[in-house]
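Here the structure is laid out as structure tokens; the discussion comes afterwards.
The values are calculated or read from the model by the stated rules, or taken from the named source; none is laboratory data. Please read these numbers as outputs of a predicted model, since none were measured by experiment. Methodologically, a virtual Cβ is constructed for each residue, glycine included, from the backbone with ideal geometry; neighbour enumeration extends over all protein chains shown.
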Amino acid sequence: MDNKTIDEKKISEIEENLNKNEFKLEVQYVELGKILLEITQNKQKKIDTIMDEIIKNKIKLASLKNEIQCSNCMTYNTSDSKYCKFCGSKLNEQIERKNDNE
């Protein structure tokens, strides 16, 4: 065999080895992605449950404190507030618009 044939054979072997390793790496990334997706979905369910409980408690608390919620930014304000303490929207207009829609 001449040097050219030997070099071509080495190139072919290296390319084949490279392709095998790239495939193995891709398989590992796919497996990792599946694991992360499963973990994320499970954690998201727990987070959603906690968030639902927080929202329910905030609504109960606001009701007991006789607070009104800004329809623009969802911030709770005292019932005598004319403007939202967070975004500055006029609260009376929001209440009037809500009453008009009912």
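For (1) polar (S, T, N, Q); (2) touching a strand residue (DSSP E or B) at 6+ places or on another chain (Cβ under 8 Å), each residue gets a yes or a no:
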{"site": "Asn3", "(1), (2)": "yes, no"}
{"site": "Asp7", "(1), (2)": "no, no"}
{"site": "Lys46", "(1), (2)": "no, no"}
{"site": "Met51", "(1), (2)": "no, no"}
{"site": "Asn57", "(1), (2)": "yes, no"}
{"site": "Tyr76", "(1), (2)": "no, yes"}
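Of the residues Ile55, Ile14, Ile6, which is out of contact with any helix residue (DSSP H, G or I) (no Cβ under 9 Å at 6 or more places or on another chain), surrounded by 10 or more Cβ atoms within 10 Å (Cβ to Cβ) and either modelled with pLDDT under 90 or of a type in the set (Ser, Thr, Tyr) (or both)? It would help to see each step written out before you state the result.
Working: Ile55 fails: either modelled with pLDDT under 90 or of a type in the set (Ser, Thr, Tyr) (or both); Ile14 fails: either modelled with pLDDT under 90 or of a type in the set (Ser, Thr, Tyr) (or both).
Going through Ile55, Ile14, Ile6 in turn, the sole match is Ile6.
Would you pick out the residues in segment 48-78 that are among the hydrophobic types (A, V, I, L, M, F, W, C) and within 24 Å of Gly88 (Cα to Cα)? Give the derivation first.
Quick first cut of segment 48-78, residues among the hydrophobic types (A, V, I, L, M, F, W, C) only: 50-51, 54-55, 59, 61-62, 64, 68, 70, 73-74.
Answer for segment 48-78, where residues must be among the hydrophobic types (A, V, I, L, M, F, W, C) and within 24 Å of Gly88 (Cα to Cα): Ile55, Ile59, Leu61, Ala62, Leu64, Ile68, Cys70, Cys73, Met74.
So which residues in segment 75-84 are surrounded by fewer than 14 Cβ atoms within 10 Å (Cβ to Cβ) and under 18 Å from Ile59 (Cβ atoms)?
Matches in segment 75-84: Thr78, Ser79.
Condition check: free of Cβ contacts under 8 Å to residues at least 60 places away in the same chain, assigned to a loop (DSSP other than H, G, I, E, B), in contact with a Ser or Thr (Cβ under 7 Å, 6 or more places away or on another chain) and exposed (fewer than 10 other Cβ atoms within 10 Å of the Cβ). Does Asn72 satisfy that?
Working: free of Cβ contacts under 8 Å to residues at least 60 places away in the same chain: yes; assigned to a loop (DSSP other than H, G, I, E, B): yes; in contact with a Ser or Thr (Cβ under 7 Å, 6 or more places away or on another chain): yes; exposed (fewer than 10 other Cβ atoms within 10 Å of the Cβ): no.
Taking the combined requirement at face value, the residue does not satisfy it.
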